[in-house]
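The values are calculated or read from the model by the stated rules, or taken from the named source; none is laboratory data. This is a predicted model, so every value here is computed, not measured. In this analysis, Cβ positions are derived from the backbone assuming ideal geometry, glycine residues included, and neighbour counts consider all displayed protein chains. When the accessible area is computed, the model is the full protein with side chains, heavy atoms only, and any ligands, DNA or RNA have been set aside. Shrake-Rupley method; radii C 1.70, N 1.55, O 1.52, S 1.80 Å.
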Amino acid sequence: KKKMRLCVPLQVMYCSNECRQAAADQYHRALCLGSSQEDPNHPISKLKDAWRSMHYPPETSSIMLMARMVATVKQAQDKGHWQKLFSQFSSRAANEEEEIAHKLLGEKFQGQLNLLRTLFTTALYDDHLNRWFTPEGFRSLFSLVGTNGQGIGTSSLSQWVHACDALALTSQQREQLDSFIDQLYKDVEKETGDFLNCEGSGLFLLQSACNHSCIPNAAASFPSNNFLLHLSALSDISPGEEIGISYLDCCQRDRSRHSRHKILRDNYLFICSCPKCVSQMDELDLTRGGAEGDDMEDEMTDV
(Lines give C-alpha, C1' and ligand atoms only; values in the text may rest on other atoms or scores of the structure.)
Protein backbone atom coordinates (compact mmCIF):
# COMPACT_ATOMS: atom_id res chain seq x y z
CA LYS A 1 0.00 0.00 0.00
CA LYS A 2 2.92 2.34 0.59
CA LYS A 3 3.60 2.30 -3.16
CA MET A 4 0.06 3.25 -4.20
CA ARG A 5 -0.40 6.61 -5.89
CA LEU A 6 -3.56 8.60 -6.57
CA CYS A 7 -4.46 10.62 -9.63
CA VAL A 8 -6.17 13.37 -7.66
CA PRO A 9 -8.48 14.84 -10.38
CA LEU A 10 -9.87 11.45 -11.42
CA GLN A 11 -9.62 9.80 -8.01
CA VAL A 12 -8.01 6.79 -9.72
CA MET A 13 -5.65 4.74 -7.60
CA TYR A 14 -2.52 3.21 -9.13
CA CYS A 15 -0.36 0.52 -7.55
CA SER A 16 2.83 2.55 -7.95
CA ASN A 17 4.37 5.66 -9.48
CA GLU A 18 5.54 3.50 -12.40
CA CYS A 19 2.00 2.26 -13.03
CA ARG A 20 0.58 5.78 -12.89
CA GLN A 21 3.26 7.07 -15.27
CA ALA A 22 2.67 4.19 -17.71
CA ALA A 23 -1.06 5.02 -17.79
CA ALA A 24 -0.34 8.72 -18.28
CA ASP A 25 2.04 7.98 -21.14
CA GLN A 26 -0.38 5.62 -22.91
CA TYR A 27 -3.90 7.08 -22.55
CA HIS A 28 -4.62 8.87 -19.27
CA ARG A 29 -3.75 12.41 -20.33
CA ALA A 30 -6.39 12.34 -23.05
CA LEU A 31 -9.10 11.22 -20.61
CA CYS A 32 -8.19 13.04 -17.38
CA LEU A 33 -10.88 15.60 -16.58
CA GLY A 34 -8.64 17.61 -14.28
CA SER A 35 -10.57 20.36 -12.53
CA SER A 36 -13.70 19.40 -14.52
CA GLN A 37 -14.06 16.09 -12.66
CA GLU A 38 -17.20 17.29 -10.86
CA ASP A 39 -18.67 19.07 -13.89
CA PRO A 40 -21.74 17.10 -15.07
CA ASN A 41 -21.67 19.00 -18.38
CA HIS A 42 -18.18 17.88 -19.35
CA PRO A 43 -18.49 15.76 -22.54
CA ILE A 44 -16.90 12.67 -20.95
CA SER A 45 -19.15 12.99 -17.88
CA LYS A 46 -22.21 13.25 -20.13
CA LEU A 47 -21.03 10.18 -22.09
CA LYS A 48 -20.70 8.15 -18.87
CA ASP A 49 -24.10 9.29 -17.60
CA ALA A 50 -25.79 8.37 -20.88
CA TRP A 51 -24.25 4.89 -20.78
CA ARG A 52 -25.29 4.40 -17.14
CA SER A 53 -28.89 5.04 -18.12
CA MET A 54 -28.70 2.21 -20.71
CA HIS A 55 -26.57 -0.39 -18.98
CA TYR A 56 -26.20 -2.36 -15.74
CA PRO A 57 -23.05 -2.04 -13.58
CA PRO A 58 -20.15 -1.91 -14.06
CA GLU A 59 -21.68 1.02 -15.86
CA THR A 60 -18.78 2.57 -17.70
CA SER A 61 -16.54 -0.37 -18.50
CA SER A 62 -17.51 -0.82 -22.14
CA ILE A 63 -17.98 2.76 -23.31
CA MET A 64 -14.82 3.82 -21.49
CA LEU A 65 -12.92 0.89 -22.99
CA MET A 66 -13.81 2.39 -26.37
CA ALA A 67 -12.74 5.78 -25.06
CA ARG A 68 -9.43 4.35 -23.88
CA MET A 69 -8.82 2.90 -27.35
CA VAL A 70 -9.30 6.36 -28.87
CA ALA A 71 -7.15 8.00 -26.18
CA THR A 72 -4.35 5.48 -26.75
CA VAL A 73 -4.23 6.28 -30.47
CA LYS A 74 -4.45 10.03 -29.81
CA GLN A 75 -1.43 9.95 -27.48
CA ALA A 76 0.65 7.45 -29.47
CA GLN A 77 3.58 8.61 -31.56
CA ASP A 78 3.14 5.56 -33.79
CA LYS A 79 -0.61 5.77 -34.31
CA GLY A 80 -0.50 3.20 -37.10
CA HIS A 81 0.80 0.55 -34.68
CA TRP A 82 -2.27 0.79 -32.46
CA GLN A 83 -4.70 1.06 -35.35
CA LYS A 84 -3.20 -2.10 -36.86
CA LEU A 85 -3.43 -3.86 -33.48
CA PHE A 86 -7.10 -2.98 -33.00
CA SER A 87 -7.87 -4.02 -36.57
CA GLN A 88 -6.95 -7.61 -35.66
CA PHE A 89 -10.07 -7.93 -33.51
CA SER A 90 -13.31 -8.98 -35.13
CA SER A 91 -15.53 -5.93 -35.50
CA ARG A 92 -18.32 -6.98 -37.82
CA ALA A 93 -21.77 -5.72 -36.92
CA ALA A 94 -23.50 -8.45 -38.90
CA ASN A 95 -22.93 -11.89 -40.39
CA GLU A 96 -24.21 -11.52 -43.93
CA GLU A 97 -23.74 -15.22 -44.74
CA GLU A 98 -26.06 -16.29 -41.93
CA GLU A 99 -28.16 -13.11 -42.11
CA ILE A 100 -27.49 -12.35 -38.44
CA ALA A 101 -27.17 -8.83 -37.01
CA HIS A 102 -25.90 -7.97 -33.52
CA LYS A 103 -28.94 -7.47 -31.29
CA LEU A 104 -27.66 -4.16 -29.90
CA LEU A 105 -27.30 -2.65 -33.36
CA GLY A 106 -30.89 -3.15 -34.47
CA GLU A 107 -33.71 -0.63 -34.72
CA LYS A 108 -34.66 -1.09 -31.07
CA PHE A 109 -31.47 0.59 -29.87
CA GLN A 110 -30.92 2.96 -32.81
CA GLY A 111 -31.82 6.07 -30.84
CA GLN A 112 -29.50 5.13 -27.99
CA LEU A 113 -26.64 4.41 -30.38
CA ASN A 114 -27.09 7.74 -32.13
CA LEU A 115 -26.98 9.55 -28.78
CA LEU A 116 -23.86 7.65 -27.72
CA ARG A 117 -22.11 8.39 -31.03
CA THR A 118 -22.89 12.10 -30.73
CA LEU A 119 -21.55 12.29 -27.16
CA PHE A 120 -18.57 10.07 -28.04
CA THR A 121 -17.68 12.35 -30.95
CA THR A 122 -18.02 15.52 -28.90
CA ALA A 123 -15.80 14.13 -26.16
CA LEU A 124 -13.10 12.35 -28.15
CA TYR A 125 -13.03 13.17 -31.87
CA ASP A 126 -9.65 12.77 -33.55
CA ASP A 127 -8.83 13.24 -37.24
CA HIS A 128 -6.62 10.13 -37.29
CA LEU A 129 -9.65 8.04 -36.27
CA ASN A 130 -12.37 9.86 -38.18
CA ARG A 131 -13.74 6.53 -39.45
CA TRP A 132 -14.60 5.44 -35.89
CA PHE A 133 -16.88 8.45 -35.49
CA THR A 134 -19.01 7.83 -38.58
CA PRO A 135 -22.30 5.96 -38.01
CA GLU A 136 -20.93 2.76 -39.57
CA GLY A 137 -17.53 3.11 -37.92
CA PHE A 138 -19.07 3.61 -34.49
CA ARG A 139 -21.22 0.52 -34.97
CA SER A 140 -18.07 -1.38 -35.91
CA LEU A 141 -16.22 -0.12 -32.82
CA PHE A 142 -19.22 -0.99 -30.65
CA SER A 143 -19.25 -4.48 -32.15
CA LEU A 144 -15.51 -4.90 -31.57
CA VAL A 145 -15.88 -4.28 -27.84
CA GLY A 146 -19.13 -6.23 -27.60
CA THR A 147 -17.74 -9.29 -29.39
CA ASN A 148 -14.23 -9.33 -27.93
CA GLY A 149 -14.55 -7.61 -24.56
CA GLN A 150 -13.56 -9.93 -21.72
CA GLY A 151 -14.98 -9.34 -18.26
CA ILE A 152 -12.15 -8.99 -15.75
CA GLY A 153 -12.98 -10.64 -12.45
CA THR A 154 -10.86 -9.58 -9.51
CA SER A 155 -13.30 -10.09 -6.65
CA SER A 156 -11.64 -10.08 -3.25
CA LEU A 157 -14.81 -11.73 -1.92
CA SER A 158 -14.37 -14.80 -4.15
CA GLN A 159 -10.71 -14.99 -3.11
CA TRP A 160 -11.79 -14.97 0.53
CA VAL A 161 -14.41 -17.67 -0.06
CA HIS A 162 -11.85 -19.91 -1.77
CA ALA A 163 -9.50 -19.40 1.18
CA CYS A 164 -12.29 -20.49 3.53
CA ASP A 165 -12.41 -23.86 1.76
CA ALA A 166 -8.98 -24.67 3.17
CA LEU A 167 -9.96 -24.03 6.79
CA ALA A 168 -9.98 -27.01 9.17
CA LEU A 169 -13.49 -26.82 10.62
CA THR A 170 -15.91 -29.12 12.35
CA SER A 171 -19.05 -30.12 10.47
CA GLN A 172 -21.09 -27.68 12.51
CA GLN A 173 -18.64 -24.84 11.93
CA ARG A 174 -18.54 -25.60 8.20
CA GLU A 175 -22.33 -25.56 8.03
CA GLN A 176 -22.47 -22.22 9.84
CA LEU A 177 -19.79 -20.71 7.58
CA ASP A 178 -21.49 -21.97 4.42
CA SER A 179 -24.78 -20.49 5.58
CA PHE A 180 -23.09 -17.18 6.30
CA ILE A 181 -21.40 -17.12 2.87
CA ASP A 182 -24.67 -17.94 1.10
CA GLN A 183 -26.41 -15.05 2.82
CA LEU A 184 -23.47 -12.74 2.20
CA TYR A 185 -23.60 -13.43 -1.54
CA LYS A 186 -27.35 -12.79 -1.58
CA ASP A 187 -26.92 -9.47 0.21
CA VAL A 188 -24.09 -8.35 -2.07
CA GLU A 189 -25.89 -9.44 -5.24
CA LYS A 190 -28.78 -7.13 -4.36
CA GLU A 191 -26.38 -4.29 -5.11
CA THR A 192 -24.18 -5.81 -7.82
CA GLY A 193 -26.59 -7.91 -9.88
CA ASP A 194 -24.77 -10.27 -12.22
CA PHE A 195 -21.50 -8.38 -11.88
CA LEU A 196 -20.33 -9.56 -8.46
CA ASN A 197 -17.06 -10.97 -9.80
CA CYS A 198 -16.64 -8.64 -12.77
CA GLU A 199 -14.94 -5.37 -12.07
CA GLY A 200 -14.05 -4.30 -15.58
CA SER A 201 -13.66 -5.17 -19.22
CA GLY A 202 -10.58 -5.63 -21.38
CA LEU A 203 -9.36 -6.67 -24.82
CA PHE A 204 -6.96 -9.62 -25.01
CA LEU A 205 -5.73 -10.30 -28.54
CA LEU A 206 -4.59 -13.91 -28.11
CA GLN A 207 -7.60 -14.98 -26.05
CA SER A 208 -9.99 -13.35 -28.53
CA ALA A 209 -8.62 -15.67 -31.24
CA CYS A 210 -10.04 -18.71 -29.41
CA ASN A 211 -13.27 -20.02 -30.89
CA HIS A 212 -16.28 -20.98 -28.82
CA SER A 213 -17.30 -24.48 -27.78
CA CYS A 214 -20.20 -25.52 -25.55
CA ILE A 215 -17.80 -28.18 -24.21
CA PRO A 216 -14.64 -26.07 -23.88
CA ASN A 217 -11.20 -27.57 -23.29
CA ALA A 218 -9.84 -24.30 -21.84
CA ALA A 219 -11.05 -21.40 -19.72
CA ALA A 220 -9.98 -17.85 -18.96
CA SER A 221 -9.46 -16.76 -15.36
CA PHE A 222 -7.73 -14.10 -13.28
CA PRO A 223 -6.02 -16.02 -10.45
CA SER A 224 -3.56 -13.22 -9.77
CA ASN A 225 -6.48 -10.93 -8.88
CA ASN A 226 -5.42 -8.32 -11.43
CA PHE A 227 -5.87 -7.73 -15.18
CA LEU A 228 -3.48 -10.56 -16.16
CA LEU A 229 -5.56 -13.20 -17.96
CA HIS A 230 -4.67 -16.88 -17.57
CA LEU A 231 -5.88 -19.34 -20.21
CA SER A 232 -5.85 -22.78 -18.61
CA ALA A 233 -6.60 -26.24 -20.00
CA LEU A 234 -9.69 -28.00 -18.64
CA SER A 235 -8.65 -31.34 -20.17
CA ASP A 236 -5.73 -32.84 -22.06
CA ILE A 237 -5.16 -31.02 -25.36
CA SER A 238 -3.33 -32.91 -28.09
CA PRO A 239 -0.80 -31.26 -30.44
CA GLY A 240 -2.71 -29.63 -33.28
CA GLU A 241 -6.05 -29.74 -31.42
CA GLU A 242 -7.96 -26.46 -31.42
CA ILE A 243 -8.23 -24.61 -28.12
CA GLY A 244 -11.87 -23.81 -27.48
CA ILE A 245 -13.29 -21.62 -24.74
CA SER A 246 -16.91 -20.94 -23.86
CA TYR A 247 -18.46 -17.57 -24.58
CA LEU A 248 -21.29 -18.66 -22.28
CA ASP A 249 -21.27 -18.95 -18.51
CA CYS A 250 -21.87 -22.27 -16.75
CA CYS A 251 -25.62 -21.75 -16.40
CA GLN A 252 -26.02 -20.76 -20.05
CA ARG A 253 -24.09 -23.84 -21.20
CA ASP A 254 -26.57 -26.06 -19.34
CA ARG A 255 -29.53 -24.60 -21.22
CA SER A 256 -31.07 -26.06 -24.34
CA ARG A 257 -29.35 -25.97 -27.71
CA HIS A 258 -32.01 -23.49 -28.87
CA SER A 259 -31.26 -21.06 -26.01
CA ARG A 260 -27.50 -21.34 -26.42
CA HIS A 261 -27.81 -20.62 -30.13
CA LYS A 262 -29.99 -17.58 -29.50
CA ILE A 263 -27.44 -16.04 -27.12
CA LEU A 264 -24.55 -16.77 -29.49
CA ARG A 265 -26.43 -15.46 -32.53
CA ASP A 266 -27.50 -12.24 -30.83
CA ASN A 267 -24.19 -11.43 -29.21
CA TYR A 268 -21.48 -13.14 -31.29
CA LEU A 269 -23.07 -13.48 -34.75
CA PHE A 270 -22.56 -17.18 -35.41
CA ILE A 271 -24.37 -20.50 -35.21
CA CYS A 272 -22.49 -22.98 -33.06
CA SER A 273 -21.63 -26.36 -34.59
CA CYS A 274 -19.54 -27.77 -31.74
CA PRO A 275 -19.86 -31.52 -30.97
CA LYS A 276 -22.43 -30.85 -28.23
CA CYS A 277 -24.67 -28.81 -30.51
CA VAL A 278 -24.35 -31.33 -33.34
CA SER A 279 -25.30 -34.18 -31.00
CA GLN A 280 -28.43 -32.27 -29.87
CA MET A 281 -29.68 -31.32 -33.33
CA ASP A 282 -32.71 -33.61 -33.10
CA GLU A 283 -33.69 -32.67 -29.55
CA LEU A 284 -36.83 -30.61 -28.92
CA ASP A 285 -36.13 -26.96 -28.08
CA LEU A 286 -38.03 -27.23 -24.83
CA THR A 287 -36.97 -27.06 -21.19
CA ARG A 288 -38.82 -27.07 -17.90
CA GLY A 289 -41.70 -24.68 -18.21
CA GLY A 290 -41.89 -24.60 -21.99
CA ALA A 291 -39.99 -22.88 -24.76
CA GLU A 292 -36.85 -21.23 -23.54
CA GLY A 293 -35.01 -18.15 -24.70
CA ASP A 294 -37.53 -16.51 -27.05
CA ASP A 295 -38.92 -14.25 -24.34
CA MET A 296 -35.55 -13.21 -22.94
CA GLU A 297 -35.55 -9.46 -22.49
CA ASP A 298 -33.07 -7.62 -24.72
CA GLU A 299 -31.16 -4.89 -22.94
CA MET A 300 -27.86 -3.16 -23.51
CA THR A 301 -26.23 -5.43 -20.95
CA ASP A 302 -24.04 -7.72 -23.02
CA VAL A 303 -21.50 -5.23 -24.33
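Between Leu231 and Arg52, the distance separating the two model label sites (each 7 Å from Cα on the Cα→Cβ line) works out to 3.6 nm.
Computed with every protein chain present, the accessible area of Glu283 is close to 110 Å² [probe 1.4 Å]. Heavy-atom accessible surface of Cys251, to the nearest 10 Å², is about 100 Å², with a 1.4 Å probe and all protein chains retained. Amide H contacts of His42: none lie under 5 Å away among residues 5 or more positions distant or on a separate chain (H built 1.01 Å from N in the peptide plane; Pro and chain starts excluded). Under a 5 Å amide H cut-off, with hydrogens placed 1.01 Å from N, Arg5 pairs with Tyr14, Cys15, Ser16 among residues at least 5 apart or on other chains. Of the listed residues Asp78, Asp282, the order by accessible area with a 1.4 Å probe, largest first, is Asp282, Asp78.
Apolar share of the accessible surface for the stretch 126-217: 51 percent from carbon plus sulfur atoms, 1.4 Å probe.
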